[in-house]
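Here the structure comes first, spelled out in structure tokens, and everything after it is commentary.
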Amino acid sequence: MNSVYLPILIQAILAAGLAIGIVGVSHLLGQRARKNKIKDTAYECGIKADGLVHTRFSVKFYVTVMLFIIFDIEVVFLIPLCFIYRDFLANHISIVGPMMFFLLVLVLGLFYEVKKGALEWEK
């Protein structure tokens, strides 16, 4: 076996062992459902919950979350460009233009979303 992959193998074994250990300890020491359902219900300030336990979120919440994820993923694409910037400079290749174009598209998308009111919560 190649010694280069040994740290990755050790990390994978440790991660799997930790995951199995946490699930095992949770199973051994975790709370079990009993015949008395009142003791197993959530306790919140001594007041019995009225209505739905799981309320529905507004669609605006999901739109905001999706937009955040999209912009977060787009920014992640900039990280490799930052790491290889020095290599491009060494080979006399300009990378500033493509980076600025990418950021321009990102900013234009953000302005479009703000203009359409995608980030505004209903009052």
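Just name the residue that is modelled with the lowest pLDDT out of those in the range 1-19 that are more than 29 Å from the chain's Cα centre (by Cα) and among the polar types (S, T, N, Q).
Asn2
Is there any pair with a first residue in the range 5-22 that is in contact (Cβ under 8 Å) with a residue 12 or more places away in the chain and a second that is among the charged types (D, E, K, R) and in a helix (DSSP H, G or I) whose Cβ atoms are under 6 Å apart and which are 6 or more apart or on different chains, and what are they?
So the pair list comes out empty.
Which residue is surrounded by the most Cβ atoms within 10 Å (Cβ to Cβ), if the candidates are limited to the range 41-88 and must be closer than 30 Å to Gly117 by Cβ, at pLDDT below 80 and hydroxyl-bearing (Ser, Thr, Tyr)?
Looking at the filtered set, the residue picked out is Ser58.
Can you run down the residue pairs with Cβ atoms below 9 Å, 6 or more apart or on separate chains, where the first is in the range 89-101 and closer than 15 Å to Phe77 by Cα and at pLDDT 80 or above and the partner is among the β-branched types (Val, Ile, Thr) and not in a helix (DSSP H, G or I)?
Ile95/Ile84
Mind listing whichever residues of the range 101-119 are surrounded by 13 or more Cβ atoms within 10 Å (Cβ to Cβ) and either among the basic types (Lys, Arg) or assigned to a helix (DSSP H, G or I) (or both)?
If the condition is that a residue be surrounded by 13 or more Cβ atoms within 10 Å (Cβ to Cβ) and either among the basic types (Lys, Arg) or assigned to a helix (DSSP H, G or I) (or both), then Phe102, Leu103, Leu106, Gly109, Leu110, Glu113 are the ones that fit.
The values are calculated or read from the model by the stated rules, or taken from the named source; none is laboratory data. Model, not experiment: these values are computed from the prediction. Quick reminder, even Gly has a Cβ in these numbers, built from the backbone with ideal geometry, and neighbours come from all protein chains shown.
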